[in-house]
Structure formats: C-alpha cells, structure tokens
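Single-structure report; data block below.
The values are calculated or read from the model by the stated rules, or taken from the named source; none is laboratory data. Because the structure is predicted, anything quoted here is derived from the model rather than measured. Please note: Cβ atoms are built from the backbone with ideal geometry, for glycine as well, and neighbour counts cover all protein chains shown.
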Amino acid sequence: MPSTTNRRSSSARKTGSRKSTARKSTARKSPARKSSARKASAKRSSTARKSTAKKATRRSPARKTAKKNTARKSSATRSSAKKSSARKASAKKRTTRKPAARKSSARKTSAKKASSNNSNVIATISGSFEGNISSKGSVRINKNSNCKAKVNAKQVFIDGKFQGDVNCQNECRMTSGSSFKGNVKAKRFFVPEGASFDGRCKVGSFRKAA
C-alpha cells in the first residue's frame, strides 16, 4: 500500500510540475505573441498610412492644377474688369473733351474768318473827303477824287489826288496820273511814271514802340 501511494503522489507531482511548466511556457509565450501582434498591427497601420499618403500625393497635383486654373480664371476676370473700366473712363474723357475741342476749333475758325474779312475790307473814296481813316484792310482813293486825311491801314492805293500822312503796315502804291503831297511810312512804296509825289517817305520794316 505505501508503494502505490508513493507512486501516485510522485505521478501527481509530475503532472503538477508539468502543468506549472506548461503555464509558465504559455505565460512566457503570450507576451511574445502580443508583441508580434502589435508589431504586425503597427506595420499594417504604417503601410495603410503610406498608401493613403501616396494616394493623397497622387491626388494633390490634380488639386494644385485645379487651384492654378481657378487662380488664372480669377486673374483673367480681374484684368478684363480693369480693362473695361479703363476703356469706359477713356470713353468718358473723350466725350467730355470733344465739345471743348469743337468749341475752340469753332472759335479759331470764326477768328480766322473775321481776320480774313477784315483784311479783305477795302475802304474806297470817290469824290472829296477830309478827315481821318483807319482800316485793318485796304484803303483805295479812286480817280477824280480829292482826299485830305491821315490814313492808317494795311495797304493804300492812290489813283486820284491825296494830301496828308499815310502809315502803312504793308505797302503804299500810286498809279500813273495820281498825286500825293505829304509823308509816307510803309514797308514798300511804289511811285510809277506819270505820278507825282511831294513829301517825305520812310520805307522798310519798323519795330513797334514798347
């Protein structure tokens, strides 16, 4: 009897030692499994992140191009708006400047017409006259006329009898058969054959007194 009990106790101890060693082995193996599982999950997560990053980088050029296109469109619209505003402003300036230019041109033409009309005005004397004559144009003394006067004019033409002083801006011209007694101041003075002149004459260009 004692031998059997000893055998049983020894077998029980062996089984207990085997269980304890199994537990220890499982306890030792479980952290390693956990660490390997963690590493595997970490690798999977890193690979997943890398794949998502690659996809994002693949998608990013398309987004960049889209952003560039939108920026170009916005800049084009802004430039077109600026050009249109500049054109409108220039059109307004032109419309506002045109009437003034037209008025100034009309004034110039009217002044030119007036000056040309004044220069073409001819004061003619037929008969007898005594006094002063001032004209921006020409003065003509016809044949068979008698004139005593002081004359200020651009041009003077003497075909009859004249007695007085003549101040001409351009020329004083006599014709044959005419007579002039007095003083002349002109740029040019013409006395042809058959005409008589008695007096003083100053011929040439004269400066105006300041």
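Condition first: at pLDDT below 95, touching a strand residue (DSSP E or B) at 6+ places or on another chain (Cβ under 8 Å) and of a type in the set (Asp, Glu). Can you find one or more residues in region 175-195 that meet it? No: region 175-195 contains no residue that is at pLDDT below 95, touching a strand residue (DSSP E or B) at 6+ places or on another chain (Cβ under 8 Å) and of a type in the set (Asp, Glu). Here the condition is being surrounded by fewer than 19 Cβ atoms within 10 Å (Cβ to Cβ) and more than 53 Å from the chain's Cα centre (by Cα); of 125, 158, 133, it holds for 133 alone. For region 184-203, a tally of residues being crowded, with 17+ Cβ neighbours inside 10 Å and either acidic (Asp, Glu) or not in a strand (DSSP E or B) (or both) returns 2.
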